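Heads up, the thing below is written out as structure tokens.
The values are calculated or read from the model by the stated rules, or taken from the named source; none is laboratory data. This structure is a prediction, so every number in the text was calculated from the model and none was measured. Here the Cβ positions follow ideal geometry from the backbone for every residue, glycine too, while neighbour counts run over all protein chains shown. Ligands, DNA and RNA are stripped out before the accessible areas are found, and what is left, the full protein with its side chains, is counted by its heavy atoms. Shrake-Rupley method; radii C 1.70, N 1.55, O 1.52, S 1.80 Å.
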Amino acid sequence: MASTFRLSALSLAIIASMTAYAQEEKADSKVDKDKDIEIIEVTGYKGSLKKALNRKRFAENVVDSIHAEDIGKSTDQNIADALSRVTGISIQTQDGEGTRITIRGTQANENQIKLNGVTLTSGFTGDASSGGVSMDQSVDLSSFSADILSSIDVVKTPSADHDEGSLGATVILRTVKPLNVNKPVRTVTAQARYNEFTDQKNRKVNLSLSDKFFNDSLGFVLTASDETQNTRKDSMYSGWSENLVFVEAGRAMDTATNALTTEDMWAFHTGYNSMSLNMNKRDRRTGNLGIQYMPTDGTDLQLDISHTTQDLSFDTHNFSTNTSQESRSGGGAQSNNEADDPQELWWKVNSLAANEDAAVLVRNVNANTKGSINRRVGGSELKTDVVSLRLNQVITEDLVMDLNFGYSRTVDGSTRNIDASTATWNTLGGGRKLGEGLGPDGEDLFGGRGIEPGGWDCSTGQCQIIYAREPALYTAPTDNPNGQYYARGTFIPFDYKSSHLGGLTQYFNDSEDVNKSVFLDFDYDVEWGPVTQVEFGFKYSSRDRDVIVDKQQLHDLSEPVFDEDGRLLSGSLTTTRINASEFITGEHFPVDNFMEGISPSSFDLQRGWGLLTQKGPCRLLF
């Protein structure tokens, strides 16, 4: 039996009232529960790791990320050092700091590096203190302090909204978004460092300011840093000869047996040997200003302005010898010493280091070893400016627009870099009589003291340079060929008059790289089967680079030199006319413990040698 119930108007009103009351009670209960919820936010180092993990977990690409612990609190010297912690990235270093990066085995210029969406421009590549630079698209990240960053993404699989031109990865650097900073920041940090090896003091000062206004719709962040770094490097270098040298039985000592060699053998030997002192200085100043404005939840406008200046200066002193042996017909090399030279006192081989082919000549000292003193002085200034204006607009729930205007400019200019060296080919480079200290008629000019050989000695496990010490004779007979001096050796580094100018080079490098870009991107969420998002937009980019490399090298001239106005700069000239005593000063060597702990304590070059002044040859020649 069917029953039908009908409610009166009064019954409907009562039920509706009860339902409304129940809904209000439920809402009030939810509000009360929300008030009771305790929000825990993870910050600091653990928070940065959590952000990086979440970024990698939810990214649509293969991404490695680093998030800063707090504003201006990076423990890394620069951005390159910060990137060294990312899997697959290797960094190139200079003076103990990272400079450029390589990713997954690619070259440094085969990666794209962006700061706030703007492709970074670049300066010269290479170490100016080694005498030369080159040019490519790789970015010197040592000029940027890591304190300005909030996050780094290394995108190893690009998507449609990434620029082309990257074989290794795209590195995306982001500075701090002011409205993401929870509390106002007023921080000043200062560090003082003392480097005992260089005997120099260094500093680092960092300023960080951040605040929000107008109900947290407008915010700014300012980060600035200033730091200095002095470095010193003592180094030695040996260039192995391609030719094995022939060692006759009985003509060398064997360090394995402490006796003369008993059989003929072949030996590896070094041809060029040098010791260098590098005194370098780096001054870095970095600043970043970020302004963010969010008038609505769907509109985000941010302006970022970054500037960095890095000044590099170097002073390199080099002391070298050339002990190459003469090429031998049929292959290999033969001793430059003659049969009556006491070569068994000059040469030492290590037969235990021998393989089936040859031993090693660990003491290579000869009668006619040549040598040189060299000094390189100069520096460079690298400036980079980056400006980005970005608008992120939510158009609908499914459509988002991202508009980015970018500008980057890098200027890399060198100071006056000068490279000067000495030589002895026209003063002590004569025949055997000159090297033995014998006059034109065979008379002994040095009282029977014989030859002072020169070369390279590593027989004790610590290497040192061997050179002549007794000064040359400057009242040589008139029939001395080519005006060369008589001496007991062919390299007397502390007898400055026995050397002349060997080479003089100066160079100026200047580069300006400017990049301008406009990037418009739309992200449209869809539900088209397997397709969940469509990206479209357009891009404009313009990049111009001007490079000037001015290298001036002195060669012997037989004709006068005039400037563009016809004024005489120099008459006929040769490098051999400039005696080393005219441009080696009496200034003290920068250090008094050169190669300490590397060479034997008896090595008398630890207090250095005379300083070359590069302006001296220029003044004398022009």
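One table, with the values for the structure above:
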{"item": "Selection count, segment 581-614, where residues are open to solvent by 30 Å² or more (accessible area, probe 1.4 Å), closer than 20 Å to Lys497 by Cβ and either in a strand (DSSP E or B) or modelled with pLDDT under 75 (or both)", "result": "2"}
{"item": "Residue list for segment 504-535, filter: free of Cβ contacts under 8 Å to residues at least 24 places away in the same chain and in a strand (DSSP E or B)", "result": "Glu527, Trp528, Val531, Thr532, Gln533, Val534"}
{"item": "Which listed residue, of Ser208, Ser241, is at pLDDT below 95 and farther than 26 Å from Asp147 by Cβ", "result": "Ser241"}
{"item": "Scope segment 293-310; condition in contact (Cβ under 8 Å) with a residue 60 or more places away in the chain and among the hydroxyl-bearing types (Ser, Thr, Tyr); matching residues", "result": "Tyr293, Thr299, Ser306, Thr308, Thr309"}
{"item": "Residues (of a type in the set (S, T, N, Q) and at pLDDT below 85) located in segment 117-136", "result": "Thr125, Ser129, Ser130, Ser134"}
{"item": "Segment 104-123, residues that are over 14 Å from Phe144 (Cβ atoms), β-branched (Val, Ile, Thr) and in contact with an Asp or Glu (Cβ under 8 Å, 6 or more places away or on another chain)", "result": "Thr119"}
{"item": "Residue under evaluation Leu501, criteria (1) in a loop (DSSP other than H, G, I, E, B); (2) buried (at least 16 other Cβ atoms within 10 Å of the Cβ); (3) modelled with pLDDT under 90, criterion not met", "result": "(1)"}
{"item": "Within segment 78-122, strands (runs of 3 or more DSSP E) holding 2 or more residues that are touching a residue at least 60 places away in the same chain (Cβ under 8 Å) and of a type outside the set (D, E, K, R)", "result": "97-103, 112-115"}
{"item": "Strands (runs of 3 or more DSSP E) wholly inside segment 166-264 containing at least 2 residues that are within 30 Å of Gly88 (Cα to Cα)", "result": "170-175, 218-240"}
{"item": "Filter result for Asp161 (modelled with pLDDT under 95, surrounded by fewer than 17 Cβ atoms within 10 Å (Cβ to Cβ), acidic (Asp, Glu) and more than 23 Å from Gln94 (Cα to Cα))", "result": "yes"}
{"item": "Residue ID - farthest from Val176 (Cα to Cα), chosen from residues in segment 205-216 that are touching a helix residue (DSSP H, G or I) at 6+ places or on another chain (Cβ under 9 Å) and open to solvent by 20 Å² or more (accessible area, probe 1.4 Å)", "result": "Asp216"}
{"item": "Close pairs (6 angstrom Cβ cut-off, 6 or more residues apart or separate chains): closer than 24 Å to Thr106 by Cβ and surrounded by fewer than 18 Cβ atoms within 10 Å (Cβ to Cβ) in segment 128-139, of a type in the set (S, T, N, Q) and at pLDDT 70 or above anywhere", "result": "Ser134/Thr125; Asp136/Asn109; Asp136/Thr125"}
{"item": "Where a residue in segment 585-605 is more than 13 Å from Asp457 (Cβ to Cβ) and its partner, wherever it lies, is surrounded by 15 or more Cβ atoms within 10 Å (Cβ to Cβ) and of a type in the set (Ser, Thr, Tyr), with Cβ under 6 Å and at least six apart", "result": "Thr585/Thr613"}
